[in-house]
Each structure stands twice: as C-alpha cells, then as structure tokens.
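To start, the structure under review is shown below, and the notes come after it.
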Amino acid sequence: MSHRKIIHIDMDAFYASVEQRDNPELRGKPVAVGGSRERGVVAASSYEARRYGVRSAMPSARAYRLCPDIIFVKPRFDHYARVSRQIREIFFTYTDLVEPLSLDEAYLDVTENKKGIHSATAIAKAIRKEIKQETQLTASAGISINKFLAKVASDLHKPDGITLIPPERALGFLEKLPIKKFHGIGTKTAEKMKRLGIRTGADLKKRSEIELVKLFGKAGRHYFRIVRAEDERPVKPNRIRKSVGAENTFFDDIDSVPEMKERLRKILARVCERLEKIPTGGKTITLKIKYNDFQVQTRSRTQGRFLSKFEDIFPIVEELLIQPKFPTKPVRLLGISMSNLDLIEEKGGKQLTLEF
C-alpha cells in the first residue's frame, strides 16, 4: 500500500523570534509581541516568556504579572508577512502543494516533489536548513502519512525539532498518545474525555463510532477516524481568504463619539490599505466592540455591491456605531472587518488566496 508523504512546518515562536533576530538586545529575554503592561492582548511570546506561562491570546496585564521582566514589543505584521513570503518561496522549490494555515505554518505534500527526493525526512531537513540560512530563524517539522499526524508530530520536539511518524508506527503512536496532545481536541473536550476514562488514544479507540457521536456530536466521527490514522484530507494550495480586517486595543478606555470615530478612521484606513494590496472588496462590514468589562459585541451590515474605498465604507461604520444604540459602556477595543469578499477576478477567474 502506498502512502502520502506530508510535512507540517511550524516556525518557532515566529513573531517573537523575528523581533529577537532584528533586535539583538531582545535575544535571550522574555518577549511578548502585542499589548503593554496595562492593556491589550499578547499576540505571540518568546520561549523565554513561555517558561513563565505567558501564551498568545493572554491579556498582557496577566502576562506582566506572570513575568515582571517581560518586554512588550509592538507588532509589525507587514514585516512578518514579508519574512513569511521568503519561507513560502523555499517551500515552492520543493512542491506546489503548499497549504498555508497562517503566516507561520503550512502543510506540504511531497509525495511527488520537484527535486525527485525519495525521503520526506530529507526534504524536511533541507527545508529547515534553508530557512535557517536565509532568515536566521528556526522551524520545527512533522512528517507522516496524513495532515493530522504531521501536525501532531511537529509539536512534539519544539523548538527546532523534527519528528517522523512512519506508516508502520502510526497506529502504535496514536494509541500511546495522551488525549491532550491530539490536535483539534481542546481543553474542555479533553477534560470531558478524562471524566469518561479516555486518557490516551488506546482508550479512545475502544469506543465505537456511534458512542462517540452520541458523546461529542459530529466531531465524534472525526475522533473515531483520526485515532485509526484515517485522514484523507488533501493538501489544498488555494486557501481562500474569508475576511480582511484590523482592530485596536486602547491604552485608556474611550467613551465619546468623536474619539471613537477618530479611532475608527485610523482602523478603517488600515483595512482599506489591505483590501487594495490583495486587491478585493467586500459586501459585509462588521464593527467589533469590546467593552471595559471584556464583553464583545459585533454589528454587521451587508450591501448590494462590493466596497473597498474608505469614503464608501466609513459612513456605514458610523451608522453601525450608533445603531441600534451608541455603546453604553467605556470601550476597550474597536475593530472593523470586511467579509463576503470579491474573490474571483473578472479576468481569467483567478482565485485570490492567503499569503504565506
């Protein structure tokens, strides 16, 4: 039986590593990209910060409590995207079957590759070496017969690690794997499984598909298959962008109409710049409001045509701010996104995809 050869490449603490590379004074120190001591959310953390428990999506005030020596750095997403494109070009020298998941990770199908290299492990080693030479950054890689196993494998020996799960070891590996290390099984689901006596893949494998569906809904079918190393999902090189947006967390809460409108002007200017770069437009405008008590509210409106210009979008944003009513509590964050995008170019019908 022939098997696919799938590699999952995951850059190590990508945003924070780029900042440490570019600023020698940050090397070896706990770094958080995004936020400040008082406000905001951590977008990424260095491994030095992770030792203190600092993680992405954590409120930066909590990160500071966990690690008083942490250094907060303003994100440079355009710069990270440029570095990401460098890495992507390396991937394409080996295969066109590259599926980006974000700026810092991607799947590659190297079953048949441009260089005629038989060993997927050899390809993964070569890619990691080229990334290090060209960007001075490290990447971890997982190699196996499907996307699920490759993703799990890349997480096992981070940072700067490489893990192979060959076909003959796949089932045994999954049986011994703790449930919390199964990609796609979150903390709450893992806790529920633990209460049911499901602690490892072997425990999960004992449950029938019908039983798992009763316990976990449609996801139960997925769990039934992945523990048996069944994952036929192809590596899809064209991942279509679903939305374009930007948001800003404020140092101080704001509660006045003029100030909110001024902040929204700046946020929308960034959104329109990103729309122009793709280029595309959207029919659905969404305003995101996070209050000082962390309650989040979204307000959307869909138009009959694609919009991309500031002067067309901002009047709608202004209406969304005051309808059905103006925010009644101080606001911590505002965001604007455009969705229902125009993803097919009129000439040639080319689909626009996420950059990596």
Quiz item: How many residues are crowded, with 18+ Cβ neighbours inside 10 Å and assigned to a helix (DSSP H, G or I) if we restrict to the range 81-99?
Solution: 5
Quiz item: Quick one: what pairs do we get from the range 15-26, first residue among the acidic types (Asp, Glu), second surrounded by 13 or more Cβ atoms within 10 Å (Cβ to Cβ), C-beta under 7 Å, 6+ apart or different chains?
Solution: 19/26; 19/31; 19/33; 19/73
Quiz item: Of all strands (runs of 3 or more DSSP E) completely enclosed by the range 100-178, which ones contain at least 2 residues that are in contact (Cβ under 8 Å) with a residue 24 or more places away in the chain and either within 22 Å of the chain's Cα centre (by Cα) or buried (at least 22 other Cβ atoms within 10 Å of the Cβ) (or both)?
Solution: 105-109, 139-144
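Of everything in the range 229-246, what is touching a helix residue (DSSP H, G or I) at 6+ places or on another chain (Cβ under 8 Å) and crowded, with 16+ Cβ neighbours inside 10 Å? Give them in sequence order.
Start the filter on the range 229-246 by keeping residues that are touching a helix residue (DSSP H, G or I) at 6+ places or on another chain (Cβ under 8 Å), which leaves 229, 231, 233, 235, 244-246.
229, 231, 235, 244, 245, 246, listed by residue number.
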Quiz item: So, of the residues in the range 250-300 that are among the aromatic types (Phe, Trp, Tyr) and loosely packed, with under 15 Cβ neighbours inside 10 Å, which turns out to be modelled with the lowest pLDDT?
Solution: 251
Quiz item: If only one of 143, 123 is out of contact with any helix residue (DSSP H, G or I) (no Cβ under 7 Å at 6 or more places or on another chain) and hydrophobic (A, V, I, L, M, F, W, C), which one is it?
Solution: 123
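The values are calculated or read from the model by the stated rules, or taken from the named source; none is laboratory data. Please read these numbers as outputs of a predicted model, since none were measured by experiment. Note: ideal-geometry Cβ built from the backbone for every residue, glycine included; neighbour counts use all protein chains shown.
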